[in-house]
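The values are calculated or read from the model by the stated rules, or taken from the named source; none is laboratory data. Not measured: the values here are computed from a predicted model. When we count neighbours, we look across all protein chains shown, and the Cβ atoms used for this are built from the backbone with ideal geometry, even at glycine. We work out accessible area using only protein heavy atoms, side chains counted, and drop any ligands, DNA or RNA first. Shrake-Rupley method; radii C 1.70, N 1.55, O 1.52, S 1.80 Å.
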Amino acid sequence: MSTGTNDGCLYVELTLDDDERARLRDLWDGPVRFAEPGTTGADDARALADADVALGNPRADRVASAPRLRWLQLASVGIDSYLGLDWAVLGRRLTVTNLGDLFADPVAESCLAGILALHRGIDELSGLRARGTWAKPVVRPRLRLLTGARVLVLGRGSIARRLAELLGPFGCAVSHFARGTGDIRTLAELDERLPSFDVVVGLLPGTAETRGLLDARRLARLRPGAVLVNAGRGSLVDEDALVAELTSGRLGGAVLDVTEQEPLPSGHPLWTCPNVVLTQHTAGGSDDESSRVIDLFAENRLRYGTGAPLRNTVQWTRGF
């Protein structure tokens, strides 16, 4: 509901239905411009240039050249596309917020689902069903239990904490790698303890420090049969080395929501690599995703109007 004060011009670059658009118009006191399918890039650039506030993920170059823009509410947690901008200058006039913990439940549930799919053979059995093949004598002896597994979560953010909660009823022993706050805090400790885990889950942001963290050397240190999950950033993992480990059968499988290239190119070995669950960057999705994004925007809009600190303000010096 509008507060009766003029909020300026709002530019929205999200796919929304008519009800969701009406809701945004109702809560915003000022003109609202929506990016429309079929409009030219120049039209969108002009609309953003006239905006005081934007909701969505406009192109980084257009954000940098939008002179009136004061607040950008991203429709994502990741900020990778904007890291190359000069925030020492741009940050003096523009505040950027992301979705923070909005995806904690869906991403954690997708991670758990993928782990169970590999341990209990669901992915393999789905493929067998599609081919009309009965393979009980082969599949059943290979099935594994998640119960009591030793799990390492790379990261200790909201998704990492929620996943640890979901793993609790399985009796999993969960450790975290995080600088300053984790059970494992240094790279030396990480290298030493990697071979002791049955499942390793990547939930780290994309920064210079995390790029290539799971390189060929560290992947080789994972215990035989271990499962790797990556739902943070595709840049975390050396994919060529991962494909080699999976193809050899040394690793038990991988659940990949993110990859270095998205969409994953046709012919990429991960499409046919054994024991891989590819969730195609859908882990954060839910049937009420857009509504929840608007909920957060509405809360931050009230804060913006009163000068209160905004939720989930991006800290550019930290890279997330």
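Heavy-atom accessible surface of the range 52-156, averaged per residue, reaches 49 Å², computed with a 1.4 Å probe.
When the chain is treated as a Gaussian network with alpha carbon springs shorter than 10 Å, the biggest mean-square fluctuation among 155, 305, 100 belongs to 305. Solvent-accessible area of the range 40-113 (1.4 angstrom probe, protein heavy atoms only): carbon and sulfur portion equals 50 percent.
Remark: the range 162-293 carries 45 Å² of accessible area per residue (probe radius 1.4 Å; ligands, DNA and RNA excluded). Candidates 252, 276, 83 compared by Cα position along the dipole of the chain: farthest toward the positive end lies 252, with charges placed on Cβ.
Free of any GluC sites (Glu not before Pro) that DSSP assigns to a loop and that have at most 16 other C-beta atoms within 10 Å, the longest stretch within the chain is 1-208.
If you build a Gaussian network model of the chain, linking Cα atoms that sit under 10 Å apart, which residue out of 253, 157, 180 swings the most? Sorting by GNM fluctuation, first place goes to 180. The magnitude of the dipole of the range 227-281, with charges of +1 and -1 set on the Cβ of Lys/Arg and Asp/Glu and taken from the Cα centre, is near 160 debye.
What a 1.4 Å probe finds exposed on the range 140-241 is 51% carbon and sulfur by accessible area, rounded to a whole percent.
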